Every structure is written in C-alpha cells, then in structure tokens.
C-alpha cells in the first residue's frame, strides 16, 4: 500500500480556532429539511456560480423551506479597508431571514 503525506503550512502565527479558546462553531442543524438556507458568495463570479450549483443540489437532495442566493457586494471598494462595516446592515438583514448561511469565495 502506497502511503503519502501532505504538509499544510499557514502564514498565520496560530490558527484562529487555536488563538481564541472561547471561539466555538455555530450549532449545526440536524437536517436541511424545512429550514431557510442563505447562500452568500463573495464578489467573484465563480463564487456565485459555485453557490448557484450548490443551491440546486440542496433543493434536489433536501426539502428546504427556501434557498436564498444573496449578492451582498458586487465589487470591493478599494479606497477603504472597512468592507465589513459597509456590509454589516446587509449581513444582519440576511441573518434575520435565514436559519443557515453557506458562503464561498471564488476566482
């Protein structure tokens, strides 16, 4: 049997889940049936395409109450480093309308 090893390196001094002991994962639903699922791509076209395909798969495999594909931002403002501040209202609105959010980045 051929055994292979892979080493993954991170430029971060510590992984975020190691750096903050109080961080815990959000509770996961036992099923996607009957819940509202939000799909949140970043501003890259491939992320939108990826989540569109995932939304179709979810609808075929499960029985969600709804699948909402949101586009919170279409381009990144390059003159400011406050992207999350600009998105806070949109993200809060999405969080109030869904039970679960799946996000993706793409290039």
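Would you mention how many residues in the stretch 91-107 are part of a strand (DSSP E or B) and farther than 13 Å from residue 52 by Cα? Outline the logic, then answer.
Quick first cut of the stretch 91-107, residues part of a strand (DSSP E or B) only: 100-104.
Then drop every residue that is not farther than 13 Å from residue 52 by Cα, which leaves 100-101.
So the answer is 2.
Would you check which residues across the stretch 29-45 are touching a residue at least 40 places away in the same chain (Cβ under 8 Å), part of a loop (DSSP other than H, G, I, E, B) and either touching a helix residue (DSSP H, G or I) at 6+ places or on another chain (Cβ under 8 Å) or under 14 Å from residue 98 (Cβ atoms) (or both) and list them? Reasoning before the result, please.
Taking the stretch 29-45 first, the residues touching a residue at least 40 places away in the same chain (Cβ under 8 Å) are 29, 32, 35-42, 44-45.
Those still in the list that are part of a loop (DSSP other than H, G, I, E, B) too: 29, 32, 35, 42, 44.
29, 32, 35, listed by residue number.
Only residues that are loosely packed, with under 14 Cβ neighbours inside 10 Å, within 28 Å of residue 33 (Cα to Cα) and modelled with pLDDT under 90 were counted across the stretch 96-107, and they come to 2.
Going by what's in this entry, would residue 50 be described as touching a strand residue (DSSP E or B) at 6+ places or on another chain (Cβ under 6 Å) and more than 11 Å from residue 100 (Cβ to Cβ)? Even if it seems obvious, please write down each step before you answer.
On the way: touching a strand residue (DSSP E or B) at 6+ places or on another chain (Cβ under 6 Å): yes; more than 11 Å from residue 100 (Cβ to Cβ): yes.
It is true that residue 50 is touching a strand residue (DSSP E or B) at 6+ places or on another chain (Cβ under 6 Å) and more than 11 Å from residue 100 (Cβ to Cβ).
The values are calculated or read from the model by the stated rules, or taken from the named source; none is laboratory data. Since we're looking at a predicted model, the values are computed, not measured. Every residue, glycine among them, receives a Cβ derived from its backbone with ideal geometry; neighbour counts consider all protein chains shown.
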